[in-house]
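Just so you know, all these numbers are worked out from the coordinates, no wet-lab data involved. Here the structure is a predicted model, which means the values were calculated and not measured. Heads up, the Cβs are rebuilt from the backbone with ideal geometry, glycines too, and the neighbour counts pull from every protein chain shown.
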Amino acid sequence: MIEYNPKSIEAEAFIHDGEIQESLKFAEKNRNNRTLIESIIDKAREGKGLSHREALLLLDCELEDLNEKIFKLAAEIKEKNYGRRIVMFAPLYLSNYCVNGCVYCPYHCKNKTIRRHKLTQEEIRREVIALQDMGHKRLALEAGEHPTMNPIEYILESINTIYSIKHKNGAIRRVNVNIAATTVENYRKLKDAGIGTYILFQETYHKPTYETLHPTGPKSDYKYHTEAMDRAMEGGIDDVGIGVLFGLNLYRYDFTGLLMHAEHLEAAKGVGPHTISVPRIRPADDVNTEDFSNSISDEIFTKIVAVLRIAVPYTGIIVSTRESPEVRAKVLKVGVSQISGGSKTSVGGYAEEEKPEDNSAQFELDDHRTLDEVVNWLLSNGYIPSFCTACYREGRTGDRFMRLVKTGQIANICQPNALMTLKEYLEDYASADTQKIGEQVIADEVKNIKSDKVREIAKKYLAELHDGKRDFRF
């Protein structure tokens, strides 16, 4: 019988069903245990995180006054570790050819109604120029799993193309990659290609449900998929991003599995995930969300984000345009640190608007605002939109990045870098109204840079950015 062991490299040992079931029982039994919950909240105030079992109890807490404390603490931890900076990115879909049979994804191999398309390198160039002209500096590269249509050589060539394009003042400075689980050798190739974060969603950690949802194709191998991050880190990738697709399975189970995966990476590899994504299932071609009975309310979703922020205080939390502006506003307050803007989930949707009858999208969006509208909204609500990629390019990744975050030193780097990349956006891409609001935010926030030396250098760089120079970083 397999025993629970977070240091093990065996999927069913570090995502241990028995441990999850015991944790679920523990939380259900103690969800009104005021003394115990208050002690966990007190522990969380130290800012060092919580175990999966402690976090699940906070998620299950039914005491209204303590729930208010949980949300308040999540907001405080986010402010302390991230300030009001929100990192911006956009997905770029290269191909929707796929050999898997995932029943919740329109890319599944049996779908005959979706338009299949794979971008050529010239089409990628047009997409990247369109994204640069919006103001994006950071992309999340997406592709279906297909050994002949989307081999690793195609992904690597596409990454090289993306990095090579410099249009006007635009440049993509960080390419994160969200592709299927692969080999250590291929992860080394991705590392050598200069990727930022390797992202892979588990979808669900419940093995029987996972196998039902993935009946055919390479992704049906639960063990191989779940152990992908270990291989990625063995291949030299410092920053990895995990996530589940809420709505496929009971959310309490997957929430616990998500944190157990983070604990495993910390225990086995010395550094936890760089990011955690929390997508919810959305309507799509050949996918009916009514077929999935485990959807969660906005209230539960917001609490999941808040407790994740408390449990893994130094990990970035990502919410995409799957969510509505109203929901994104709620979760920004309690933990989210990265959002997409002006996104398209179709293959080739940036350079040319896709016709409805040519649908190639992976899912429907619930936030259709342009990047400028999202930036304006963030600025108007007291946030600092950041297009920064400095840590990746300065080698501050993996455990080096985490040490800076845990000691609080990262603020001396992130704050000025965020303001400088915001300044670039305002100078090159912003509407008049966004530029006006943004310039005032920069003027106010420069004063909050704690180091006198850094503040004076930042002022100098900001002035030079106005004069036409680009790409300063600390």
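When the convex hull of the C-alpha atoms of region 107-158 is computed, what volume per residue in Å³ does it have?
Details: hull volume 5.2 nm³, N = 52.
Looking at region 107-158, the number lands at 99 Å³ per residue.
Would you mind calculating the relative contact order of the chain from Cα pairs under 8 angstrom and at least 6 residues apart, reporting the percent as a whole number?
Once normalised by length, the contact order is 19 percent.
Could you tell me which of rounded, prolate or oblate describes region 185-317, using a ≥ b ≥ c as the square roots of the eigenvalues of the alpha-carbon gyration tensor, with rounded for a/c under 1.5 and, failing that, prolate when a/b is larger than b/c and oblate otherwise?
Numbers: a/c = 1.90, a/b = 1.30, b/c = 1.46.
Oblate, since a/c reaches 1.5 and b/c is not below a/b.
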- Note on the structure: In this structure, the FRET efficiency calculated for residue 207 and residue 370 from their beta-carbon separation, with R0 = 51 Å, to the nearest 0.05, is 0.80
- Task: May I ask you to order 120-131, 47-58 by the average number of other C-beta atoms within 10 Å around their residues, highest value first?
- Result: 47-58, 120-131
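Under the classification rounded if a/c is under 1.5, otherwise prolate if a/b is larger than b/c and oblate if not, where does region 13-79 fall, given a ≥ b ≥ c as square roots of the Cα gyration tensor eigenvalues? Please report the intermediate quantities before stating the final value.
Details: a/c = 2.40, a/b = 1.41, b/c = 1.71.
Verdict is oblate for region 13-79.
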- So which cysteines in the chain don't have a second cysteine's C-beta under 4.7 Å from them? 61, 98, 109, 388, 391, 414
- Query: Measuring from centroid to centroid over Cα atoms, what is the spacing of region 1-68 and region 78-137 in Å?
  - Reply: 34
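May I ask you to order 208-218, 298-308 by the average number of other C-beta atoms within 10 Å around their residues, highest value first? Don't jump to the answer; show the numbers that get you there.
Details: 208-218: 16.4, 298-308: 21.3.
Descending packing order for the listed peptides: 298-308, 208-218.
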- Message: Taking 8 Å as the Cα distance limit and 6 or more residues as the minimum spacing, I'd like the relative contact order of region 9-64 as a percentage.
- Response: 45
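Once the Cα gyration tensor of region 16-152 is diagonalised, what are the square roots of 5 times its eigenvalues, in whole Å and ordered largest first, as equivalent ellipsoid semi-axes? Could you put the intermediate results ahead of the total?
Details: eigenvalues 375, 112, 27 Å².
So the three semi-axes of region 16-152 are 43, 24, 12 Å.
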- So what J values fall out for region 105-117 if you push phi through Karplus, 6.51 cos²θ - 1.76 cosθ + 1.60 with θ = phi - 60°, rounded to Hz, Gly and Pro as x? 10, x, 6, 3, 5, 8, 6, 9, 9, 6, 7, 7, 7
- For region 13-79, how many pairs of lysine residues have a Cα-Cα distance under 21 Å, where the two are 8 or more positions apart or belong to different chains? 9
- Message: Once each part is reduced to its C-alpha centroid, what is the distance from region 256-290 to region 183-255 in angstrom?
- Response: 8
- What are the lysines whose alpha-carbon lies under 29 Å from the alpha-carbon of residue 469, with same-chain residues fewer than 8 places away excluded? 137, 166, 168, 423, 436, 447, 450, 453, 459, 460
- Quick P(r) readout (the chain; Cα-Cα; 10 Å bins; whole %) gives 4, 20, 32, 28, 13, 3, 0
- Message: Testing the spin-label approximation: label points 7 Å from Cα along Cα→Cβ at residue 407 and residue 12. State their distance in nm.
- Response: 4.3
- Can you tell me the order of 66-75, 421-430, 4-13 when each peptide is scored by its average per-residue count of other Cβ atoms within 10 angstrom, highest first? 421-430, 66-75, 4-13
- Note on the structure: Heads up, region 1-51 by the C-alpha gyration tensor (a ≥ b ≥ c square roots of eigenvalues; a/c under 1.5 rounded, else a/b over b/c prolate, else oblate) looks oblate
- Zone residues, region 39-56, relative to residue 63, backbone N less than 12 Å from point 7 Å out along Cα-to-Cβ: 39-42
- Message: Just to compare against my own numbers: the Cα pair-distance distribution for region 409-466, 10 Å bins, whole % per bin, please.
- Response: 24, 56, 18, 1
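Mind jotting down a quarter of the surface of the convex hull over the alpha carbons of region 316-401, in square nanometres, one decimal?
Details: hull surface 28.7 nm².
Spelled out: convex hull of the Cα atoms, projected over all directions, averaged, 7.2 nm².
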